[in-house]
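The values are calculated or read from the model by the stated rules, or taken from the named source; none is laboratory data. From a predicted model like this one, the values you see are computed outputs, not experimental measurements. Neighbour counts run over all protein chains shown; Cβ positions are idealised from the backbone, glycine included. Each accessible area value is taken on the protein alone, full model and side chains, heavy atoms only, with ligands, DNA and RNA left out. Shrake-Rupley method; radii C 1.70, N 1.55, O 1.52, S 1.80 Å.
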Amino acid sequence: MNHNKKMIMKKIFIIIAAAAFGLFSACKKAPLTTVSANITAPVITNPADGSTVDVTIADSAQVLNISWAKPDYGVAAVVNYFIQADSAGKNFSKSYTLASLTSTTSFSLSYYNLSAKLMNGLGLTPNALSTIEIRVASAIYGKDTVYSKPVKLALTTLAVNQLWLPGSYEGYNPAAAPTIPALTQTTYEGYVYFSAAGNFKFTSAPDYNHINYGDAGNGKLTTDGNAGGIVYNSAGVYLLDADITNLTYSVTYISTIGIIGTATPQGWNASTAMTYDQPTGLWSIKLALVPGALKFRANDNWTINYGPSDSNSLTGTLIFNDPGAISINTAGTYTVTIDMTQKKQKGYTYTIVQD
């Protein structure tokens, strides 16, 4: 009987100890705090309400500093901040978050990046005056969010229609470097020939005095002017893509561009390679075709491929990853040419001429 009592007491002790440990652990994870009933919101101290930001190529690298006084929650805690922007009068109903920060009470970005982010995030009109509002939201423990009083900015946006590509292959001279055009307000794409292995940067102007984008690693760009260039391993043609809002890029080596389809010698089984002419930047081939379908693709695979804007036309614009194909109606010898330079027009074009 005494033995049974000891066992029962031991079990009770273990249960109490476990409960106490669980309570102690829970307390460690979520310390009890009392937030003030009258939280003082953050106050923006810069820029001043009614400030003007006129973004031009000349001052695109100028920096806008947004700073604010700390909120007062009446308790010591880590504060998370969210810098939000919206078009004036919309009450932040569809706001864009410029930055999410912890503890710090300031944030800086270039005029150019401010313009690019808000054209993309808010749909502001390029190269035009817009009135926007900026506010700072703060929160602790993922709740108790309060907002600063908004400040208005008169922002004239800047849409840069191209990026320059200075690099080792041309003597690091932005003014003489080739360019790639804008696809959207903040994304750029183009085919470029590099004469030797080396590195390059993207720049927003034909110099290094404005925004220049270097390599941050893993397909990411940085606006740190001291960062290194983007390295590529051999001379040749490359497809370049850059997104200046998300600060990403890709560099794809193009070993060949070819034609494929039932009108071509190898059908859909493999590409028939075209010849690249470096001085003109054109790809072309003269060959016998039969009635059937014809498309273009790079590197003998489907990752980069193009179909026509009009399947029934032997001249026209190419569309990336389009399922359609050009219809060849008559057997014969043809010269097929594609222009990926975008020197004469925006976009990629093709011509098919029967001899």
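Quick check on this structure: which one of 141, 208 is modelled with pLDDT under 95 and either touching a helix residue (DSSP H, G or I) at 6+ places or on another chain (Cβ under 8 Å) or not hydroxyl-bearing (Ser, Thr, Tyr) (or both)?
208
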Tell me which residues, restricted to the range 255-265, are closer than 12 Å to residue 294 by Cβ and part of a loop (DSSP other than H, G, I, E, B).
261, 262, 263, 264, 265
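Give the range 156-176 a look and list any residue that's in a loop (DSSP other than H, G, I, E, B), surrounded by 14 or more Cβ atoms within 10 Å (Cβ to Cβ) and modelled with pLDDT of 95 or more, or say none.
Listed by number, the residues that qualify are 165, 166, 172.
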Unique match (being part of a loop (DSSP other than H, G, I, E, B) and either at pLDDT 85 or above or of a type in the set (A, V, I, L, M, F, W, C) (or both)) among 35, 53
35
Hits in the range 235-274 (condition: over 22 Å from the mean Cα position of the chain (by Cα), open to solvent by 20 Å² or more (accessible area, probe 1.4 Å) and touching a residue at least 40 places away in the same chain (Cβ under 8 Å))
235, 255, 256
Say whether the condition of being open to solvent by 50 Å² or more (accessible area, probe 1.4 Å) and outside any loop (DSSP other than H, G, I, E, B) is met by at least one residue in the range 85-95.
no
Just to be sure before I move on: is residue 152 touching a residue at least 60 places away in the same chain (Cβ under 8 Å) and under 26 Å from residue 100 (Cβ atoms) in the structure I sent?
yes
Tell me which residues, restricted to the range 177-192, are open to solvent by 40 Å² or more (accessible area, probe 1.4 Å) and touching a helix residue (DSSP H, G or I) at 6+ places or on another chain (Cβ under 6 Å).
185
For the range 286-303, state whether one or more residues are open to solvent by 20 Å² or more (accessible area, probe 1.4 Å), in a strand (DSSP E or B) and within 23 Å of residue 195 (Cα to Cα).
no
Only residues that are open to solvent by 40 Å² or more (accessible area, probe 1.4 Å) and within 17 Å of residue 53 (Cβ to Cβ): list them for the range 136-155, please.
150, 152
